[in-house]
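Accompanying notes for the structure given below.
Laboratory data are not the source of any read-out in this text; all were calculated from the coordinates shown. Note that this is a predicted model, so its numbers are computed, not measured. A quick note on method: Cβ atoms are made from the backbone with ideal geometry, for glycine too, and the neighbour counts reach across all protein chains shown.
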Amino acid sequence: MALTFNQIISAWGKCMNENDPSEMRELLADDFVWHSAVPEHKAPADDKADKAETIEFTLGADILIGDYNTIYDGNDVVSGTHSATIDGTEKVVFCQGLLTDGGTKVKSWRHLIGDYPEP
């Protein structure tokens, strides 16, 4: 059975919020690539990171994530949104993950960050 957005982002949140990378290490493929589109001071080097760099960055980031919402779960792609508190400001993050054959590992991850709309 393929991974779901909620499984992946929950593992990412456990790494980021609780400093526990165990689940994230298991879910990311060995050739994993993270493409980031975030403010310079909060992005991995060159806006691209491999598995080890992603885990290292995630453990050291002063960002809290939550409010996970699945948009799509498929056999080869997942997408969804989550909140991220960055420098005391809550942002919305859209994520897309590509899965390996069979959907058992995350091959790549992309995200965009924006402000929540004003009420």
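Given the options ILE65, ILE55, ILE86, state which has the largest fluctuation in a GNM of the chain using a 10 Å cut-off (strictly under) for Cα springs.
For the chain, modelled as a Gaussian network with Cα springs under 10 Å, the answer is ILE86.
For the chain, compute Rh as the Kirkwood radius over C-alpha pairs and then the Stokes-Einstein diffusion coefficient at 10 °C and 1.306 mPa s; write the answer in µm²/s, rounded to an integer.
112
What's the angle, to the nearest 10 degrees (0 to 90), between helix 5-18's Cα axis and the longest principal axis of the chain?
Roughly 60 degrees, rounded to the nearest 10.
Skipping prolines and chain starts, which residues have an amide H placed within reach, meaning under 5 Å, of the one on SER108, given they are 5 or more residues away or on another chain?
VAL33, LEU98
Go ahead and estimate [θ] at 222 nm for the chain from helices alone: -39,500 (n - 2.57) per DSSP H run with n ≥ 4, summed, over the residue count, rounded to 500.
Value at 222 nm, helices only, nearest 500: -7500 deg cm²/dmol.
Pairing the Cα long axis of helix 51-60 with the longest principal axis of the chain, what angle in degrees results, from 0 to 90 and rounded to the nearest 10?
Orientation of helix 51-60: about 30 degrees from the principal axis.
So for the chain, if I pair up every lysine 8 or more residues apart or on another chain, how many of those pairs have alpha-carbons under 21 Å apart?
Final tally of qualifying lysine pairs is 12.
How far apart, in nm, are two points set 7 Å out from the Cα along the Cα-to-Cβ line at LYS48 and at THR85?
Between LYS48 and THR85, the simple spin-label model gives 3.4 nm.
Might you report the magnitude of the Cβ-based charge dipole of the range 59-103 about its Cα centre, with Lys and Arg at +1 and Asp and Glu at -1, to the nearest 20 debye?
60
With charges only on Cβ, +1 for K and R and -1 for D and E, what is the dipole size of the chain about its Cα centre, in debye, rounded to 20?
The calculated dipole for the chain is roughly 220 debye.
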